[in-house]
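Colleague: Shown below is the structure under consideration.
Values in this text are rule-based calculations from the coordinates and carry no lab data. Small disclaimer: the values here were computed from a predicted structure and weren't measured. Here Cβ is always computed from backbone atoms with ideal geometry, including for glycine, and neighbour counts include all displayed protein chains.
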Amino acid sequence: MTTLRRFSLTAYQAPLCETIVDCPEPQGSEVLVRVERCGACHSDLHIQDGYFALADGKTLDVRAGRSLPFTLGHEIAGVVERIGPEARVANLGSRVAVYPWIGCGACPACRAGEENLCSTNRHLGISADGGFASHVLVPHPRYLLDYAPLAPSFAAALMCSGLTAYSALKRLLPHAARGPALLIGLGGVGMMGLAIARALFPQSPLAVDIDVKKREAALAAGAAAVFDPTEVDARKAVLQATAGGVFAACDFVGSEQSLAFATGVLAKGGKVVVTGLLGGSFPQPAAMFVLKAMTVEGTLTGTLREAHELLALAKSGKIAPLPIHERPLTEVQAVLDDLRAGRVVGRSVLVASEQRL
Ligand SMILES: [Zn+2]
Ligand SMILES: [Zn+2]
């Protein structure tokens, strides 16, 4: 029996711990994937905390439905190592990215193909054990996506940061036809968003970040212009650069300040899509929704279909690879600490290898 080595949450608000158990034998349609790469994401920090910050010191407790020790990590790429008796489609040895947003399969959201929105989900690394481990159990081979010829770390990162950005930007397609899109927050998801926006939209996007290093990275990655939102004239500068306002904005931060900035530079008929979860409230005079014919929409990762679309787009070479920092899985807690401290430009991806474990 192989062992399953994993870096688990054994208590909330505590560092991950290595725990070793027997490797599960895949049953029915299940597939056992040996993890090669797993990206680190802000959601991992929120789950490690056990809550999401809402506003005014209020929090959303996210500890329910997860027994400890629990393995985080949802940006997974690996190798099909063992398959259940009914998982005939999976080829042993094939290298795959794992779609982690797995639903119950029976609720209205799942039946509409939106397993990412399932409320009784089995999302890997969120409500079912994930990829900061030597192996991950996937319920069905339909969640495995062939990623060749992409690099495994890039393919892994596409499954959350890429998919989140892709799904959000798709919702802005008609608006981005009217002028350059505005991307707010150039962290891991935002940088992926920049690369995808350049592939999807007719014009290079504008980028906003409080961190000079992230603004420089955005310019180097093809942003048409960058803005520092803490500068007094930042909104005016965006309005000037867009001849009166932005039609398409994507808020990868999700805070009071970022949403105020996004809606503050919106043109009439403009739309903001929010993917970030930083916290804070969003005061807005109700009349502005009408007077600006404004849309503010939230999105949560993306569907399996969108994951296939995104991989196809990436395979066509249209998405410039973003800065990826590979670190050994044994350093997972240090990587999460760096992410929390805002020290990561691009995406950190953990490398699991038998030698390193
Ligand atoms: Zn994520
Ligand atoms: Zn469901």
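Colleague: Could you give the alpha-carbon Rg of the chain over 2.2 N^0.38 Å, rounded to two decimals?
Modeller: Normalised Cα radius of gyration, the chain: 0.98.
Colleague: Pull out the extension gain between residue 228 and residue 343, defined as 0.36 nm times the separation in residues minus the alpha carbon to alpha carbon distance; nm, one decimal. Show your work: numbers first, answer last.
Modeller: Working: separation 115, 0.36 × 115 = 41.40 nm, distance 1.79 nm.
Difference between extended and current length: 39.6 nm.
Colleague: Over region 71-169, what per residue volume does the convex hull of the Cα atoms give, in whole Å³?
Modeller: In region 71-169, the Cα convex hull volume per residue is 108 Å³.
Colleague: Can you give the net charge of the other residues whose Cβ lies under 13 Å from the Cβ of residue 9, counting K and R as +1 and D and E as -1?
Modeller: The answer is -1.
Colleague: How big is the equivalent ellipsoid of region 221-357 along its three axes, where each semi-axis is √(5λ) from the Cα gyration tensor, reported in whole Å from largest to smallest?
Modeller: 34, 19, 16
Colleague: Angle check, please: helix 188-200 long axis (alpha carbons) against the longest principal axis of the chain (alpha carbons), in degrees 0 to 90, nearest 10.
Modeller: Once rounded, one gets 70 degrees.
Colleague: Under the 0.36 nm per residue contour assumption, what length would be gained going from the current alpha-carbon distance of residue 171 and residue 49 to full extension? Don't skip to the end; give the middle numbers.
Modeller: Values: separation 122, 0.36 × 122 = 43.92 nm, distance 3.05 nm.
Taking 0.36 nm per residue and subtracting the Cα distance, the gain is 40.9 nm.
Colleague: Pull out a ≥ b ≥ c, the square roots of the eigenvalues of the alpha-carbon gyration tensor of region 20-122, then state rounded if a/c is under 1.5, prolate if not and a/b is larger than b/c, and oblate in the remaining case.
Modeller: Judged from the Cα gyration tensor, region 20-122 comes out prolate (a/c at least 1.5, a/b above b/c).
Colleague: Hey, what's the Kirkwood Rh for region 269-343 if you take every pair of different alpha carbons, in angstrom? Intermediate values should be presented prior to the final figure.
Modeller: Details: mean 1/r = 0.0598 Å⁻¹.
Across region 269-343, the inverse of the average 1/r is 16.7 Å.
Colleague: Related question: On a 27 Å Cα-Cα criterion, which of the cross-link pairs 170/315; 271/315; 236/292 come out too long?
Modeller: 271/315
Colleague: Given a Förster distance of 30 angstrom, what is the FRET efficiency for residue 353 paired with residue 315, based on the Cβ-Cβ distance and rounded to 0.05?
Modeller: Working from the Cβ atoms, E equals 0.75.
Colleague: What 222 nm value per residue comes from the helices of the chain, counting each DSSP H run with n ≥ 4 as -39,500 (n - 2.57) and dividing by all residues, nearest 500 deg cm²/dmol?
Modeller: About -7000 deg cm²/dmol.
Colleague: Of the peptides 109-115, 76-82, how do they stack up when ordered by the mean number of other Cβ atoms within 10 Å, highest first?
Modeller: Ranking the peptides 109-115, 76-82 by packing returns 76-82, 109-115.
Colleague: OK, next. Could you compute how fast region 1-64 diffuses translationally, taking Rh as the Kirkwood radius over C-alpha pairs and applying Stokes-Einstein at 25 °C with viscosity 0.890 mPa s? Give it in µm² per second.
Modeller: Estimated diffusion coefficient is 171 µm²/s.
Colleague: Another question, then. For region 127-231, what mean projected area does the convex hull of the alpha carbons give, in nm²?
Modeller: 8.9 nm²
Colleague: For region 1-122, what is the relative contact order in percent, using Cα pairs closer than 8 Å and at least 6 residues apart in sequence?
Modeller: Details: 219 pairs, mean separation 29.5, N = 122.
Relative contact order comes out at 24 percent.
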